2 protein chains.
Amino acid sequence: MRFFKLIIEYDGADFSGWQLQNHRYRTVQGEIERALKQIFKKRIRIIGSGRTDAGVHAKGQVAGFAVRTRLQCQDIQKALNFYLPEDLVIHHVIETEANFHARYSVKSKIYKYVILNQKTRSPLERHRCWQIPRPLNLGLMRQAAKIIKGKHNFRGFMSANSVENDSILRNTVRTVTKLNIKKQGAKIIVEIEADGFLYKMVRNIVGTLVQVGLKKMNQKLISKIYKEKTRMLVPAPAPAFGLYLWCVKY
Amino acid sequence: MRFFKLIIEYDGADFSGWQLQNHRYRTVQGEIERALKQIFKKRIRIIGSGRTDAGVHAKGQVAGFAVRTRLQCQDIQKALNFYLPEDLVIHHVIETEANFHARYSVKSKIYKYVILNQKTRSPLERHRCWQIPRPLNLGLMRQAAKIIKGKHNFRGFMSANSVENDSILRNTVRTVTKLNIKKQGAKIIVEIEADGFLYKMVRNIVGTLVQVGLKKMNQKLISKIYKEKTRMLVPAPAPAFGLYLWCVKY
(Lines give C-alpha, C1' and ligand atoms only; values in the text may rest on other atoms or scores of the structure.)
Protein backbone atom coordinates (compact mmCIF):
# COMPACT_ATOMS: atom_id res chain seq x y z
CA MET A 1 0.00 0.00 0.00
CA ARG A 2 1.19 3.53 -0.78
CA PHE A 3 -0.01 6.76 0.81
CA PHE A 4 -0.66 10.07 -0.96
CA LYS A 5 -1.47 13.63 -0.06
CA LEU A 6 -3.41 15.94 -2.41
CA ILE A 7 -3.18 19.75 -2.44
CA ILE A 8 -6.53 20.96 -3.74
CA GLU A 9 -8.00 24.24 -5.06
CA TYR A 10 -11.71 24.71 -5.63
CA ASP A 11 -14.29 27.36 -6.34
CA GLY A 12 -16.90 26.58 -3.70
CA ALA A 13 -19.78 28.36 -5.47
CA ASP A 14 -21.30 25.27 -7.05
CA PHE A 15 -20.44 22.71 -4.37
CA SER A 16 -22.58 21.60 -1.45
CA GLY A 17 -19.37 21.75 0.59
CA TRP A 18 -16.55 19.26 1.02
CA GLN A 19 -18.18 16.24 2.56
CA LEU A 20 -19.71 13.41 0.56
CA GLN A 21 -23.45 13.32 1.12
CA ASN A 22 -26.41 11.83 -0.55
CA HIS A 23 -25.87 11.49 -4.32
CA ARG A 24 -28.13 14.39 -5.16
CA TYR A 25 -25.50 16.78 -3.83
CA ARG A 26 -22.34 17.78 -5.65
CA THR A 27 -19.43 17.74 -3.19
CA VAL A 28 -15.66 18.16 -3.51
CA GLN A 29 -14.99 14.82 -1.84
CA GLY A 30 -17.52 13.15 -4.12
CA GLU A 31 -15.94 14.56 -7.30
CA ILE A 32 -12.40 13.56 -6.27
CA GLU A 33 -13.48 10.04 -5.26
CA ARG A 34 -15.26 9.67 -8.57
CA ALA A 35 -12.09 10.68 -10.45
CA LEU A 36 -10.01 8.24 -8.36
CA LYS A 37 -12.45 5.45 -9.23
CA GLN A 38 -11.96 6.22 -12.94
CA ILE A 39 -8.19 5.88 -12.53
CA PHE A 40 -7.90 2.94 -10.14
CA LYS A 41 -11.13 1.14 -11.12
CA LYS A 42 -12.19 0.78 -7.52
CA ARG A 43 -13.66 2.76 -4.67
CA ILE A 44 -11.04 4.80 -2.77
CA ARG A 45 -11.92 6.84 0.31
CA ILE A 46 -10.19 10.16 0.79
CA ILE A 47 -9.82 11.91 4.14
CA GLY A 48 -9.88 15.70 4.11
CA SER A 49 -8.08 17.98 6.58
CA GLY A 50 -11.58 19.05 7.57
CA ARG A 51 -14.89 19.97 5.99
CA THR A 52 -15.70 23.21 4.26
CA ASP A 53 -19.29 24.44 3.99
CA ALA A 54 -21.25 25.04 0.80
CA GLY A 55 -19.87 28.10 -0.97
CA VAL A 56 -16.52 28.14 0.87
CA HIS A 57 -13.47 28.13 -1.43
CA ALA A 58 -10.07 26.49 -1.01
CA LYS A 59 -6.64 27.36 -2.35
CA GLY A 60 -4.82 24.68 -0.35
CA GLN A 61 -7.21 22.08 1.02
CA VAL A 62 -5.43 18.79 1.81
CA ALA A 63 -6.69 15.21 1.57
CA GLY A 64 -5.03 11.84 1.96
CA PHE A 65 -5.68 8.39 0.55
CA ALA A 66 -4.06 4.98 0.27
CA VAL A 67 -3.85 2.76 -2.80
CA ARG A 68 -1.80 -0.09 -4.28
CA THR A 69 -0.31 1.35 -7.48
CA ARG A 70 2.83 1.72 -9.54
CA LEU A 71 1.83 5.14 -10.87
CA GLN A 72 4.07 8.14 -10.23
CA CYS A 73 2.70 11.14 -8.30
CA GLN A 74 2.77 13.25 -11.46
CA ASP A 75 0.79 10.67 -13.42
CA ILE A 76 -1.87 10.48 -10.71
CA GLN A 77 -2.10 14.28 -10.71
CA LYS A 78 -2.48 14.50 -14.49
CA ALA A 79 -5.09 11.74 -14.57
CA LEU A 80 -7.08 13.33 -11.71
CA ASN A 81 -7.08 16.75 -13.37
CA PHE A 82 -8.20 15.15 -16.61
CA TYR A 83 -11.31 13.77 -14.90
CA LEU A 84 -12.03 16.67 -12.52
CA PRO A 85 -14.44 19.49 -13.42
CA GLU A 86 -13.20 23.03 -14.13
CA ASP A 87 -14.05 24.34 -10.65
CA LEU A 88 -11.76 21.81 -8.92
CA VAL A 89 -8.05 21.04 -9.43
CA ILE A 90 -5.22 19.08 -7.80
CA HIS A 91 -2.10 21.27 -7.62
CA HIS A 92 0.17 18.59 -6.15
CA VAL A 93 0.19 14.88 -5.40
CA ILE A 94 2.81 13.99 -2.76
CA GLU A 95 3.68 10.53 -1.45
CA THR A 96 3.61 10.37 2.37
CA GLU A 97 4.45 8.02 5.22
CA ALA A 98 1.81 5.54 6.35
CA ASN A 99 1.35 7.43 9.61
CA PHE A 100 0.31 10.66 7.89
CA HIS A 101 -3.33 11.49 8.60
CA ALA A 102 -4.88 14.43 6.74
CA ARG A 103 -7.10 15.35 9.70
CA TYR A 104 -5.32 14.19 12.87
CA SER A 105 -1.83 15.28 11.80
CA VAL A 106 -2.86 18.92 11.23
CA LYS A 107 -0.65 21.40 13.16
CA SER A 108 -2.48 24.54 12.06
CA LYS A 109 -4.71 25.95 9.35
CA ILE A 110 -4.81 29.33 7.64
CA TYR A 111 -8.05 30.84 6.36
CA LYS A 112 -8.47 34.07 4.45
CA TYR A 113 -11.67 36.07 4.32
CA VAL A 114 -12.17 38.72 1.63
CA ILE A 115 -14.38 41.74 2.32
CA LEU A 116 -15.08 44.20 -0.49
CA ASN A 117 -15.68 47.58 1.12
CA GLN A 118 -17.33 49.62 -1.61
CA LYS A 119 -20.74 51.13 -2.29
CA THR A 120 -21.74 49.08 -5.34
CA ARG A 121 -21.53 45.33 -5.82
CA SER A 122 -18.79 43.96 -8.08
CA PRO A 123 -19.79 41.58 -10.91
CA LEU A 124 -16.18 40.39 -11.31
CA GLU A 125 -15.83 39.63 -7.58
CA ARG A 126 -19.26 38.15 -6.97
CA HIS A 127 -19.23 34.73 -5.20
CA ARG A 128 -15.65 35.67 -4.19
CA CYS A 129 -16.07 38.21 -1.39
CA TRP A 130 -18.52 39.87 1.01
CA GLN A 131 -19.45 43.36 -0.15
CA ILE A 132 -19.98 45.86 2.68
CA PRO A 133 -21.33 49.17 1.32
CA ARG A 134 -20.70 51.35 4.39
CA PRO A 135 -17.09 52.30 5.26
CA LEU A 136 -15.36 50.04 7.78
CA ASN A 137 -13.09 51.46 10.47
CA LEU A 138 -9.91 49.40 10.11
CA GLY A 139 -8.37 50.73 13.32
CA LEU A 140 -11.29 49.47 15.42
CA MET A 141 -11.25 46.12 13.60
CA ARG A 142 -7.52 45.69 14.31
CA GLN A 143 -8.02 46.51 18.00
CA ALA A 144 -10.77 43.88 18.18
CA ALA A 145 -8.52 41.39 16.36
CA LYS A 146 -5.91 41.81 19.12
CA ILE A 147 -8.50 40.77 21.72
CA ILE A 148 -9.62 37.75 19.67
CA LYS A 149 -6.06 36.55 19.02
CA GLY A 150 -4.50 34.11 21.50
CA LYS A 151 -5.62 31.05 23.46
CA HIS A 152 -9.27 31.24 24.47
CA ASN A 153 -12.38 29.19 24.85
CA PHE A 154 -14.00 29.98 21.49
CA ARG A 155 -17.29 28.29 22.31
CA GLY A 156 -19.10 31.63 21.95
CA PHE A 157 -17.79 31.84 18.35
CA MET A 158 -19.04 28.38 17.43
CA SER A 159 -22.18 27.94 15.36
CA ALA A 160 -25.34 28.07 17.52
CA ASN A 161 -26.82 25.08 15.70
CA SER A 162 -23.58 23.15 15.70
CA VAL A 163 -24.08 19.46 15.07
CA GLU A 164 -20.60 18.49 16.28
CA ASN A 165 -20.39 15.56 18.66
CA ASP A 166 -19.89 15.75 22.41
CA SER A 167 -16.15 15.21 22.31
CA ILE A 168 -15.77 18.51 20.45
CA LEU A 169 -18.06 20.36 22.83
CA ARG A 170 -15.92 19.11 25.70
CA ASN A 171 -12.90 21.01 24.36
CA THR A 172 -13.60 24.34 22.67
CA VAL A 173 -10.29 25.95 23.56
CA ARG A 174 -8.28 26.99 20.50
CA THR A 175 -5.22 29.14 19.90
CA VAL A 176 -5.44 31.81 17.22
CA THR A 177 -1.77 32.47 16.40
CA LYS A 178 -2.35 34.99 13.64
CA LEU A 179 -5.15 37.44 12.93
CA ASN A 180 -4.09 40.08 10.40
CA ILE A 181 -6.27 42.61 8.63
CA LYS A 182 -4.83 43.98 5.39
CA LYS A 183 -6.19 46.58 2.99
CA GLN A 184 -5.71 46.07 -0.77
CA GLY A 185 -7.56 48.73 -2.72
CA ALA A 186 -11.26 48.32 -1.88
CA LYS A 187 -10.58 44.86 -0.44
CA ILE A 188 -10.05 44.08 3.23
CA ILE A 189 -8.44 40.70 3.75
CA VAL A 190 -8.65 38.96 7.11
CA GLU A 191 -6.02 36.25 7.55
CA ILE A 192 -6.42 33.89 10.48
CA GLU A 193 -4.28 31.00 11.64
CA ALA A 194 -5.12 28.64 14.51
CA ASP A 195 -4.30 25.16 15.75
CA GLY A 196 -7.90 24.26 15.02
CA PHE A 197 -11.24 25.85 14.22
CA LEU A 198 -14.70 25.20 15.63
CA TYR A 199 -17.68 24.98 13.28
CA LYS A 200 -18.22 28.41 11.61
CA MET A 201 -15.59 29.97 13.90
CA VAL A 202 -13.89 32.02 11.14
CA ARG A 203 -17.17 33.32 9.76
CA ASN A 204 -18.37 34.23 13.27
CA ILE A 205 -15.11 36.06 13.98
CA VAL A 206 -15.31 37.96 10.67
CA GLY A 207 -19.00 38.74 11.27
CA THR A 208 -17.98 40.20 14.65
CA LEU A 209 -15.05 42.18 13.20
CA VAL A 210 -17.34 43.72 10.57
CA GLN A 211 -19.88 44.82 13.22
CA VAL A 212 -17.00 46.40 15.16
CA GLY A 213 -15.78 48.11 11.94
CA LEU A 214 -19.30 49.49 11.39
CA LYS A 215 -19.31 50.74 15.02
CA LYS A 216 -22.36 48.61 15.78
CA MET A 217 -20.51 46.57 18.37
CA ASN A 218 -17.74 47.46 20.79
CA GLN A 219 -14.80 45.52 22.06
CA LYS A 220 -16.19 44.98 25.52
CA LEU A 221 -18.73 42.63 24.01
CA ILE A 222 -15.94 40.41 22.68
CA SER A 223 -14.60 39.87 26.20
CA LYS A 224 -18.15 39.05 27.20
CA ILE A 225 -18.41 36.45 24.41
CA TYR A 226 -15.37 34.72 25.88
CA LYS A 227 -16.63 34.93 29.42
CA GLU A 228 -20.21 33.85 28.89
CA LYS A 229 -19.43 31.40 26.08
CA THR A 230 -22.80 31.91 24.51
CA ARG A 231 -23.36 32.11 20.80
CA MET A 232 -26.27 34.49 21.38
CA LEU A 233 -23.96 37.51 21.68
CA VAL A 234 -22.23 36.98 18.33
CA PRO A 235 -23.67 38.71 15.26
CA ALA A 236 -24.64 36.74 12.12
CA PRO A 237 -21.70 34.87 10.60
CA ALA A 238 -20.05 36.33 7.49
CA PRO A 239 -21.34 34.62 4.32
CA ALA A 240 -19.55 31.50 3.05
CA PHE A 241 -18.55 32.85 -0.39
CA GLY A 242 -15.92 35.26 1.04
CA LEU A 243 -14.05 32.46 2.86
CA TYR A 244 -10.96 30.61 1.58
CA LEU A 245 -9.22 27.65 3.23
CA TRP A 246 -5.76 28.94 2.36
CA CYS A 247 -3.34 26.31 3.62
CA VAL A 248 -2.98 23.43 6.04
CA LYS A 249 0.26 22.90 7.98
CA TYR A 250 1.46 19.50 9.23
CA MET B 1 -32.90 66.95 -22.62
CA ARG B 2 -30.24 65.89 -20.08
CA PHE B 3 -27.06 63.93 -20.78
CA PHE B 4 -25.58 61.18 -18.65
CA LYS B 5 -22.41 59.09 -18.50
CA LEU B 6 -22.36 55.59 -17.00
CA ILE B 7 -19.28 53.89 -15.48
CA ILE B 8 -19.84 50.17 -15.94
CA GLU B 9 -18.31 46.94 -14.61
CA TYR B 10 -19.13 43.55 -16.08
CA ASP B 11 -18.01 39.96 -16.04
CA GLY B 12 -17.78 39.21 -19.76
CA ALA B 13 -18.02 35.40 -19.41
CA ASP B 14 -21.73 35.14 -20.17
CA PHE B 15 -22.07 38.04 -22.61
CA SER B 16 -21.81 37.94 -26.40
CA GLY B 17 -19.81 41.14 -26.08
CA TRP B 18 -20.87 44.76 -25.71
CA GLN B 19 -22.81 45.49 -28.85
CA LEU B 20 -26.54 44.93 -29.24
CA GLN B 21 -27.17 42.20 -31.78
CA ASN B 22 -30.00 39.98 -32.72
CA HIS B 23 -32.24 39.20 -29.72
CA ARG B 24 -30.91 35.68 -29.33
CA TYR B 25 -27.66 37.09 -27.97
CA ARG B 26 -27.15 38.47 -24.49
CA THR B 27 -25.12 41.70 -24.72
CA VAL B 28 -24.08 44.37 -22.23
CA GLN B 29 -25.66 47.14 -24.30
CA GLY B 30 -28.85 45.11 -24.61
CA GLU B 31 -29.11 44.54 -20.84
CA ILE B 32 -28.52 48.21 -19.99
CA GLU B 33 -31.01 49.45 -22.60
CA ARG B 34 -33.57 47.00 -21.26
CA ALA B 35 -33.06 48.36 -17.72
CA LEU B 36 -33.37 51.96 -19.01
CA LYS B 37 -36.63 51.03 -20.70
CA GLN B 38 -37.97 49.73 -17.38
CA ILE B 39 -37.13 53.05 -15.70
CA PHE B 40 -38.07 55.58 -18.38
CA LYS B 41 -40.80 53.53 -20.09
CA LYS B 42 -39.35 54.17 -23.54
CA ARG B 43 -36.53 53.08 -25.76
CA ILE B 44 -33.20 54.83 -24.97
CA ARG B 45 -30.09 54.24 -27.06
CA ILE B 46 -26.75 54.17 -25.24
CA ILE B 47 -23.41 54.83 -26.92
CA GLY B 48 -20.43 52.91 -25.58
CA SER B 49 -16.82 54.13 -25.59
CA GLY B 50 -16.24 51.18 -27.90
CA ARG B 51 -17.16 47.54 -28.26
CA THR B 52 -15.74 44.68 -26.24
CA ASP B 53 -15.76 41.14 -27.60
CA ALA B 54 -17.51 38.13 -26.11
CA GLY B 55 -15.73 37.08 -22.91
CA VAL B 56 -13.90 40.40 -22.40
CA HIS B 57 -14.47 42.01 -18.99
CA ALA B 58 -14.73 45.65 -17.97
CA LYS B 59 -13.98 47.48 -14.74
CA GLY B 60 -14.57 50.95 -16.19
CA GLN B 61 -16.45 50.82 -19.49
CA VAL B 62 -18.20 54.12 -20.26
CA ALA B 63 -21.47 54.75 -22.06
CA GLY B 64 -23.55 57.87 -22.63
CA PHE B 65 -27.25 58.55 -23.19
CA ALA B 66 -29.73 61.39 -23.30
CA VAL B 67 -33.16 61.53 -21.66
CA ARG B 68 -35.77 63.99 -20.44
CA THR B 69 -36.07 63.34 -16.71
CA ARG B 70 -36.18 64.94 -13.26
CA LEU B 71 -34.45 61.98 -11.61
CA GLN B 72 -31.17 62.53 -9.77
CA CYS B 73 -28.03 60.65 -10.90
CA GLN B 74 -28.08 58.55 -7.74
CA ASP B 75 -31.70 57.53 -8.30
CA ILE B 76 -30.97 56.48 -11.89
CA GLN B 77 -28.01 54.44 -10.66
CA LYS B 78 -30.04 52.67 -7.96
CA ALA B 79 -32.88 51.92 -10.36
CA LEU B 80 -30.48 50.59 -13.03
CA ASN B 81 -28.68 48.33 -10.56
CA PHE B 82 -32.02 47.06 -9.35
CA TYR B 83 -32.91 45.87 -12.86
CA LEU B 84 -29.43 44.75 -14.00
CA PRO B 85 -28.26 41.12 -13.66
CA GLU B 86 -25.56 40.12 -11.17
CA ASP B 87 -22.75 40.08 -13.78
CA LEU B 88 -23.27 43.75 -14.69
CA VAL B 89 -23.31 46.89 -12.53
CA ILE B 90 -23.29 50.68 -12.85
CA HIS B 91 -20.71 52.16 -10.47
CA HIS B 92 -21.48 55.81 -11.25
CA VAL B 93 -24.02 57.91 -13.12
CA ILE B 94 -22.63 61.36 -13.95
CA GLU B 95 -24.46 64.22 -15.68
CA THR B 96 -22.47 65.61 -18.63
CA GLU B 97 -22.55 68.47 -21.13
CA ALA B 98 -24.51 67.99 -24.36
CA ASN B 99 -21.28 67.88 -26.35
CA PHE B 100 -19.92 64.84 -24.50
CA HIS B 101 -19.74 61.81 -26.78
CA ALA B 102 -18.81 58.47 -25.20
CA ARG B 103 -16.93 57.34 -28.32
CA TYR B 104 -15.68 60.45 -30.11
CA SER B 105 -14.58 62.32 -26.96
CA VAL B 106 -12.24 59.50 -25.81
CA LYS B 107 -8.68 60.74 -25.13
CA SER B 108 -7.22 57.35 -24.21
CA LYS B 109 -8.14 53.91 -22.92
CA ILE B 110 -6.42 51.57 -20.50
CA TYR B 111 -6.72 47.81 -20.80
CA LYS B 112 -5.29 45.19 -18.45
CA TYR B 113 -4.53 41.62 -19.44
CA VAL B 114 -4.04 38.97 -16.75
CA ILE B 115 -1.77 35.99 -17.40
CA LEU B 116 -1.53 33.23 -14.80
CA ASN B 117 1.92 31.70 -15.13
CA GLN B 118 1.62 28.40 -13.26
CA LYS B 119 1.63 24.71 -14.11
CA THR B 120 -1.91 23.81 -13.12
CA ARG B 121 -5.11 25.62 -14.01
CA SER B 122 -6.82 27.65 -11.28
CA PRO B 123 -10.53 27.01 -10.58
CA LEU B 124 -10.86 30.32 -8.71
CA GLU B 125 -9.29 32.31 -11.57
CA ARG B 126 -10.95 30.50 -14.47
CA HIS B 127 -12.67 32.84 -17.00
CA ARG B 128 -10.50 35.59 -15.42
CA CYS B 129 -7.03 35.03 -16.85
CA TRP B 130 -4.95 33.13 -19.41
CA GLN B 131 -3.04 30.28 -17.79
CA ILE B 132 0.41 29.67 -19.32
CA PRO B 133 1.96 26.50 -17.87
CA ARG B 134 5.56 27.05 -19.03
CA PRO B 135 7.66 29.77 -17.32
CA LEU B 136 7.67 33.15 -19.06
CA ASN B 137 10.82 35.22 -19.30
CA LEU B 138 9.74 38.63 -17.97
CA GLY B 139 12.96 40.35 -19.07
CA LEU B 140 12.43 39.42 -22.71
CA MET B 141 8.76 40.43 -22.52
CA ARG B 142 9.70 43.85 -21.12
CA GLN B 143 12.27 44.38 -23.87
CA ALA B 144 9.65 43.55 -26.49
CA ALA B 145 7.18 45.89 -24.76
CA LYS B 146 9.66 48.76 -25.22
CA ILE B 147 9.66 48.14 -28.98
CA ILE B 148 5.86 47.97 -29.15
CA LYS B 149 5.39 51.18 -27.12
CA GLY B 150 5.20 54.48 -29.00
CA LYS B 151 3.58 55.79 -32.16
CA HIS B 152 3.44 53.16 -34.90
CA ASN B 153 1.29 51.83 -37.67
CA PHE B 154 -0.33 48.94 -35.76
CA ARG B 155 -2.01 47.43 -38.81
CA GLY B 156 0.03 44.24 -38.36
CA PHE B 157 -1.48 43.87 -34.88
CA MET B 158 -5.04 44.23 -36.12
CA SER B 159 -7.28 41.20 -36.48
CA ALA B 160 -6.72 39.40 -39.80
CA ASN B 161 -10.45 39.01 -40.33
CA SER B 162 -11.22 42.54 -39.24
CA VAL B 163 -14.61 43.75 -40.38
CA GLU B 164 -13.86 47.40 -39.72
CA ASN B 165 -14.84 49.82 -42.42
CA ASP B 166 -12.50 51.49 -44.88
CA SER B 167 -12.13 54.70 -42.90
CA ILE B 168 -10.46 52.73 -40.12
CA LEU B 169 -8.18 50.89 -42.54
CA ARG B 170 -7.06 54.24 -43.91
CA ASN B 171 -5.61 55.22 -40.53
CA THR B 172 -4.08 52.43 -38.46
CA VAL B 173 -1.52 54.59 -36.69
CA ARG B 174 -1.94 54.57 -32.91
CA THR B 175 0.17 55.77 -29.98
CA VAL B 176 0.75 53.32 -27.12
CA THR B 177 1.69 55.62 -24.24
CA LYS B 178 2.00 52.93 -21.57
CA LEU B 179 2.90 49.25 -21.73
CA ASN B 180 3.83 47.90 -18.30
CA ILE B 181 4.35 44.29 -17.29
CA LYS B 182 3.98 43.60 -13.57
CA LYS B 183 4.38 40.39 -11.61
CA GLN B 184 2.00 39.68 -8.70
CA GLY B 185 2.60 36.20 -7.33
CA ALA B 186 1.85 33.77 -10.16
CA LYS B 187 0.07 36.51 -12.09
CA ILE B 188 1.63 38.62 -14.83
CA ILE B 189 -0.40 41.75 -15.52
CA VAL B 190 0.05 43.63 -18.79
CA GLU B 191 -1.24 47.20 -18.62
CA ILE B 192 -1.58 49.08 -21.88
CA GLU B 193 -2.74 52.62 -22.60
CA ALA B 194 -3.22 54.13 -26.05
CA ASP B 195 -5.10 56.94 -27.77
CA GLY B 196 -7.07 54.23 -29.56
CA PHE B 197 -7.05 50.52 -30.27
CA LEU B 198 -7.58 48.59 -33.48
CA TYR B 199 -9.76 45.48 -33.48
CA LYS B 200 -8.10 42.78 -31.29
CA MET B 201 -4.96 44.93 -30.98
CA VAL B 202 -4.46 44.30 -27.23
CA ARG B 203 -4.97 40.57 -27.57
CA ASN B 204 -2.57 40.42 -30.50
CA ILE B 205 0.05 42.38 -28.58
CA VAL B 206 -0.34 40.11 -25.53
CA GLY B 207 -0.23 37.00 -27.77
CA THR B 208 3.05 38.33 -29.19
CA LEU B 209 4.51 39.17 -25.76
CA VAL B 210 3.73 35.65 -24.53
CA GLN B 211 5.48 34.05 -27.52
CA VAL B 212 8.50 36.27 -26.80
CA GLY B 213 8.36 35.25 -23.11
CA LEU B 214 8.31 31.58 -24.16
CA LYS B 215 11.32 32.27 -26.42
CA LYS B 216 9.35 31.15 -29.47
CA MET B 217 9.61 34.56 -31.11
CA ASN B 218 12.31 37.20 -31.03
CA GLN B 219 12.20 40.96 -31.06
CA LYS B 220 13.36 41.34 -34.63
CA LEU B 221 10.05 39.93 -35.75
CA ILE B 222 8.20 42.74 -33.99
CA SER B 223 10.04 45.35 -36.08
CA LYS B 224 9.11 43.28 -39.10
CA ILE B 225 5.43 43.34 -38.09
CA TYR B 226 5.59 47.14 -38.11
CA LYS B 227 7.46 47.32 -41.40
CA GLU B 228 5.46 44.81 -43.39
CA LYS B 229 2.13 45.59 -41.72
CA THR B 230 0.86 42.09 -42.25
CA ARG B 231 -1.20 40.24 -39.71
CA MET B 232 0.35 36.96 -40.91
CA LEU B 233 3.46 37.42 -38.75
CA VAL B 234 1.57 37.86 -35.48
CA PRO B 235 0.88 34.75 -33.37
CA ALA B 236 -2.66 33.82 -32.28
CA PRO B 237 -4.33 36.51 -30.15
CA ALA B 238 -4.51 36.00 -26.38
CA PRO B 239 -7.94 34.64 -25.35
CA ALA B 240 -10.71 37.13 -24.52
CA PHE B 241 -11.34 36.02 -20.90
CA GLY B 242 -8.01 37.47 -19.64
CA LEU B 243 -8.77 40.96 -20.94
CA TYR B 244 -10.22 43.87 -18.93
CA LEU B 245 -11.26 47.29 -20.26
CA TRP B 246 -9.90 49.11 -17.20
CA CYS B 247 -10.72 52.76 -17.75
CA VAL B 248 -11.58 55.33 -20.38
CA LYS B 249 -10.16 58.84 -20.22
CA TYR B 250 -11.88 61.92 -21.69
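I'd like to know if the stretch A:206-222 contains one or more residues that are open to solvent by 30 Å² or more (accessible area, probe 1.4 Å), of a type in the set (Lys, Arg), closer than 19 Å to residue A:153 by Cβ and free of Cβ contacts under 8 Å to residues at least 40 places away in the same chain. Looking for residues that are open to solvent by 30 Å² or more (accessible area, probe 1.4 Å), of a type in the set (Lys, Arg), closer than 19 Å to residue A:153 by Cβ and free of Cβ contacts under 8 Å to residues at least 40 places away in the same chain, one finds at least one in the stretch A:206-222, hence yes. In the stretch A:112-125, the residue that is surrounded by the fewest Cβ atoms within 10 Å (Cβ to Cβ) out of those that are under 15 Å from the mean Cα position of the chain (by Cα) and within 14 Å of chain B (Cβ to nearest Cβ) is A:112. The one condition from (1) facing another protein chain (nearest Cβ under 9 Å); (2) touching a strand residue (DSSP E or B) at 6+ places or on another chain (Cβ under 8 Å); (3) not in a strand (DSSP E or B) that residue B:90 does not meet is (3). Each residue in the stretch B:55-110 was checked for being small (Gly, Ala, Ser), surrounded by fewer than 18 Cβ atoms within 10 Å (Cβ to Cβ) and either under 13 Å from residue B:10 (Cα atoms) or without any contact (Cβ under 8 Å) to a residue 40 or more places away in the chain (or both), and 0 of them qualify.
When A:59, A:78, A:5 are checked against the criterion of being away from chain B (no Cβ under 14 Å) and either over 25 Å from residue A:113 (Cβ atoms) or under 20 Å from the mean Cα position of the chain (by Cα) (or both), A:5 stands alone in meeting it.
If you go through the stretch B:227-236, how many residues are crowded, with 16+ Cβ neighbours inside 10 Å and farther than 20 Å from residue B:181 by Cα? Don't jump to the end; show me each part of the working.
Initial filter on the stretch B:227-236 (crowded, with 16+ Cβ neighbours inside 10 Å): B:229, B:231, B:233-235.
So of that shortlist, the ones also farther than 20 Å from residue B:181 by Cα come out as B:229, B:231, B:233.
Residues in the stretch B:227-236 being crowded, with 16+ Cβ neighbours inside 10 Å and farther than 20 Å from residue B:181 by Cα: 3 in total.
The set of residues from the stretch B:19-34 being within 14 Å of chain A (Cβ to nearest Cβ) and either acidic (Asp, Glu) or open to solvent by less than 40 Å² (accessible area, probe 1.4 Å) (or both) comprises B:28, B:31, B:32.
When every residue of the stretch B:101-111 is checked against the conditions, none turns out to be at pLDDT 95 or above, over 30 Å from residue A:81 (Cα atoms) and within 10 Å of another protein chain (Cβ to nearest Cβ).
Output the strands (runs of 3 or more DSSP E) that fall wholly within the stretch B:141-250 and possess 3 or more residues being basic (Lys, Arg), or say none. It would help to see each step written out before you state the result.
On the way: elements: B:150-153, B:173-184, B:187-194, B:243-249.
Ranges flagged: B:173-184.
Scanning the stretch B:197-224 for residues that are among the aliphatic types (A, V, I, L, M) and in contact with a strand residue (DSSP E or B) (Cβ under 9 Å, 6 or more places away or on another chain) yields B:198, B:201, B:202, B:205, B:206, B:209, B:210. Taking the conditions (1) open to solvent by 50 Å² or more (accessible area, probe 1.4 Å); (2) within 14 Å of another protein chain (Cβ to nearest Cβ); (3) out of contact with any strand residue (DSSP E or B) (no Cβ under 6 Å at 6 or more places or on another chain) in turn, residue A:128 satisfies each one other than (1). Is one or more of the residues making up the stretch B:63-75 under 22 Å from residue B:192 (Cβ atoms) and modelled with pLDDT of 95 or more? Yes, the stretch B:63-75 contains at least one residue that is under 22 Å from residue B:192 (Cβ atoms) and modelled with pLDDT of 95 or more. Every condition in (1) open to solvent by 30 Å² or more (accessible area, probe 1.4 Å); (2) touching a residue at least 60 places away in the same chain (Cβ under 8 Å) holds for residue B:41 except the one numbered (2).
The values are calculated or read from the model by the stated rules, or taken from the named source; none is laboratory data. What you see is a predicted model; the values in this text were computed from it and never measured. Here the Cβ is made from the backbone with ideal geometry for all residues, glycine too, and neighbour counts use every protein chain on show. Side chains are part of the model used for accessible areas, which takes the heavy atoms of the whole protein and leaves out ligands, DNA and RNA. Shrake-Rupley method; radii C 1.70, N 1.55, O 1.52, S 1.80 Å.
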